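Some notes on the structure that comes next.
Please treat every number below as a calculation from the coordinates, not as lab data. Just so we're clear, the structure is a prediction, and the values are computed from it rather than from any experiment.
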Amino acid sequence: MLVEKNFLSKIRDFGLNTYESKVWIALLSRGTSTAGELSDIANVPRSRSYDVLESLEKKGFILMKPGKPITYIAVAPREVIERIKQKMEEESNERLDLIESIKSTSLLEELNGLHSKGIQTLDATDMTGCIRGRKNIYNHLQTMFKNAKKSIVISTTVEGAKRKADLLSKSLVKARQRGVMIKIGSPLDVQSKEAKELARSGIYKKTKPFSRFCVVDKREVLFCLMDDGQVHPSYEVAVWVNTEYFANILEKSFLNQTGFC
């Protein structure tokens, strides 16, 4: 049976390898069949067909019908999708439970202890990092906001302000509730719904284009290296540094030029 490569590739998204995909498609076309027949139809070596069928049965794609010879019945694709979805949800919940359980164990304390000791031995030039991809950049910003104790200063673009209102406003509000002073500037009009959302977390001001950066506690700086209107989110690049000297210079320069009170 000839099957297009693109079709096989899509079937592998179900979590099947090439042989499993071929055998399952062959069985779907027949409804019920033996291992030998499926081997010939799918062009899969007979020495592998039983292993493949056993794997498909365990994954819930087919049913085995005892007899001589043994025959196999295909499960309806609609039902297969539901089974895959259920399995993925169960595995996801198990992993989440495992991660949550680690929080209450001594392992996390030991890991944090190692991290703290490692940081103490570093100097300012070591406390830098390059972050690639907008998703990773925003994840790092969330971490910075979560750990902020005194202040957060953000300079961004119109589209950047809209994204932050959508993705980071909750983190910023929580920081404000802890007593963190937050100042955000961008060219986005103050009457826009996104600007009003950002204003819930602190002081928002419409500013001229300045740069794309964030300063936390006058120590941590994350600044983007590219124009967000000219780069794909996957290719965004930001640099994170932990240095009071640079953080203070950047923050003061921004606040003075934009007239923040």
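Remark: relative contact order (the chain) = 14 percent; criterion is Cα-Cα distance under 8 angstrom and separation of 6 or more residues. Each distinct pair of alpha carbons in the range 190-261 adds a 1/r term; the inverse of their mean, the Kirkwood radius, is 13.8 Å.
Which of 17, 242, 136 moves the most in a Gaussian network model of the chain with Cα springs under 10 Å? Looking only at 17, 242, 136, the largest GNM fluctuation is found for 17. For the range 5-76, the tally of Lys pairs with Cα-Cα distances below 24 Å comes to 11, considering only residues 8 or more apart or on different chains.
Evaluate the relative contact order of the range 5-76 (contact order divided by residue number), counting alpha-carbon pairs under 8 angstrom at least 6 apart; express in whole percent.
RCO, the range 5-76: 30 percent.
Springs between Cα atoms under 10 Å define the GNM used for the chain, and in it the highest mean-square fluctuation of 223, 145, 61 occurs at 61.
Which pairs, out of 170/193; 85/170; 135/252; 85/162; 103/135, put more than 21 Å between their alpha-carbon atoms?
Violating the 21 Å Cα-Cα cut-off are 85/170; 135/252; 85/162; 103/135.
Cross-link partners for residue 164 among the aspartates and glutamates, with Cα-Cα distance under 17 Å and sequence neighbours closer than 8 places in the same chain left out: 189, 194, 197, 227, 228, 236.
Reducing the range 168-186 and the range 220-261 to their Cα centroids gives an inter-centroid distance of 17 Å. Among 55, 106, 155, determine the one that fluctuates most according to a GNM of the chain built with springs between C-alpha atoms less than 10 Å apart. Among 55, 106, 155, the largest GNM mean-square fluctuation belongs to 55. Here the sum of -39500 (n - 2.57) over DSSP H runs of 4 or more residues, divided by the residues of the chain, equals -16500 deg cm²/dmol at 222 nm, to the nearest 500. Listed values (i) 28, 19, 18; (ii) 32, 20, 17; (iii) 55, 22, 17 include one computed from this model; for semi-axes √(5λ) of the Cα gyration tensor in Å that value carries the label (iii).
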